[in-house]
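The values are calculated or read from the model by the stated rules, or taken from the named source; none is laboratory data. Predicted model, so just to flag it, every value in this text is computed and none were measured. Using ideal geometry, Cβ is built from the backbone for each residue, glycine included, and neighbour counts are taken over all protein chains shown. Ligands, DNA and RNA are stripped out before the accessible areas are found, and what is left, the full protein with its side chains, is counted by its heavy atoms. Shrake-Rupley method; radii C 1.70, N 1.55, O 1.52, S 1.80 Å.
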Amino acid sequence: MAHTSSTQTLPAIPTVPRHVAIIMDGNGRWATKRFLPRFAGHGKGVEAVRTVVEACVARGVEYLTLFAFSSENWRRPADEVSLLMRLFVVALEREVSKMHANGIRLKVVGDLSRFDAKLQQMIDNAERKTAGNTTLTVTVCANYGGRWDVMQAVQKMLAARGSDSGQDPSVFSEEELAQHLAMAYAPEPDLFIRTGGEQRISNFLLWQLAYSELYFTDTYWPDFGAGELDQAIASYQQRERRFGRTSAQLLEQAS
């Protein structure tokens, strides 16, 4: 399992973040500012995804996680939700073969049961096709929520134990729960980025972001490219990642 808890162990501190997680915010506002329909911004946002995926590969990032559609986004106007679902299908049709050719693994996590059968099958096919790739793992969080993730992990953990396990039903460990999280295959994010000017994590990876470095930018997602990613990584590289320790301890360790 790739996941190790930053509250239980001292993780390695890579110069380039091993795992980058992004809330891709601002598509609609980008379009509105240009007197375009909101959907035009979502279409442009897909192009930004392609650019950032390529930039992550070039910089040696191993995991890129993108918040594409939250469990709360169903509250948006029905026509916008329908267009987003259609865009998801089109993106899978156009991008999966390219990703596979470049050694990129695709994962989609979230409660996929609300998606129609065609989209669920496309997701399954894409995951199977790219399963053996190791250059970069791109995870798309769709109908995902951090609280949903924790709850589904608790339910799976209890089911895995069973009623006749002989273990104290009131005692659990972080490790026991973490292996059932939707992204148990990935390390915790080193760097969290949110575009679009908002400064909150909006029910995204609540468990996994415990010790991530947070970076907020006013840049709308369609305008976020390799240069903006470099700025975020540069900010990350200036942080002192203590994980509960003091600055003096870090200096002593470095000497």
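A value for P(r) over Cα pairs in 10 Å bins from 0, in percent was derived from the coordinates, and within the list [x] 6, 28, 36, 21, 7, 1, 0; [y] 8, 34, 37, 18, 3, 0; [z] 7, 28, 31, 18, 10, 4, 1, 0 it appears as [x].
When 195, 135, 219, 15 are compared by accessible area at a 1.4 angstrom probe, the order from most to least is 15, 135, 219, 195.
Selection among 204, 60, 28 by position relative to the dipole of the chain gives 28 as farthest towards the positive end (Cβ unit charges, Cα centre). Would segment 29-122 count as rounded, prolate or oblate if I go by the C-alpha gyration tensor, calling it rounded below 1.5 in a/c and otherwise prolate when a/b exceeds b/c, oblate otherwise? In terms of gyration-tensor shape, oblate.
Less than 5 angstrom separates the built amide H of residue 143 from those of 69, 70, all sequence-distant by 5 or more or on a different chain. Averaged over its residues, the chain has an accessible area of 51 Å² per residue, based on protein heavy atoms and a 1.4 Å probe. Computed extension gain for residue 198 through residue 13, at 0.36 nm per residue and net of the alpha carbon distance, reaches 63.9 nm.
In order along segment 49-65, phi translates into HN-Hα couplings of 4, 4, 5, 6, 4, 4, 5, 5, 4, 5, 9, x, 5, 9, 9, 10, 10 Hz, rounded to whole numbers, per the Karplus curve 6.51 cos²θ - 1.76 cosθ + 1.60 with θ = phi - 60° and x for Gly and Pro.
Excluding ligands and nucleic acids, what accessible area in Å² is computed for residue 172 using a 1.4 Å probe, to the nearest 10? Number for this one is 80 Å². For the residues 123, 201, a 1.4 Å probe over the protein chains yields an accessible-area ranking, largest first, of 201, 123. For residue 33, the lysines whose Cα comes closer than 28 Å to its Cα, not counting residues fewer than 8 places off in the same chain, are 44. Residues whose amide H lies under 5 Å from that of residue 220, counting only those 5 or more places away or on a different chain, are 196; hydrogens are built 1.01 Å from N in the peptide plane.
Residues 170, 82, ordered by accessible area of protein heavy atoms at a 1.4 angstrom probe radius and largest first, appear as 170, 82. Surface composition of segment 1-113: carbon and sulfur make up 55 percent of the accessible area, probe 1.4 Å. Estimated purely from DSSP H runs of n ≥ 4, each contributing -39500 (n - 2.57), the mean residue ellipticity at 222 nm for the chain is -13500 deg cm²/dmol once divided by its residues. For the chain, DSSP calls about 0 percent of its internal beta bridges antiparallel. Here the Karplus relation 6.51 cos²θ - 1.76 cosθ + 1.60, evaluated at θ = phi - 60°, turns the backbone of segment 34-46 into coupling constants of 9, 6, 10, x, 3, 4, 4, x, 5, x, 5, x, 5 Hz, with x for every Gly and Pro. The residues packed around residue 80, meaning those with a beta-carbon under 14 Å from its beta-carbon, carry a net charge of +3 if Lys and Arg are +1 and Asp and Glu are -1.
About its Cα centre, the chain has a charge dipole of approximately 640 debye under the convention of +1 per Lys or Arg Cβ and -1 per Asp or Glu Cβ, with nothing else charged. Cross-link partners of residue 98 among aspartates and glutamates, defined as those whose alpha carbon lies under 15 angstrom from its own and excluding same-chain residues fewer than eight positions apart: 47, 54, 127.
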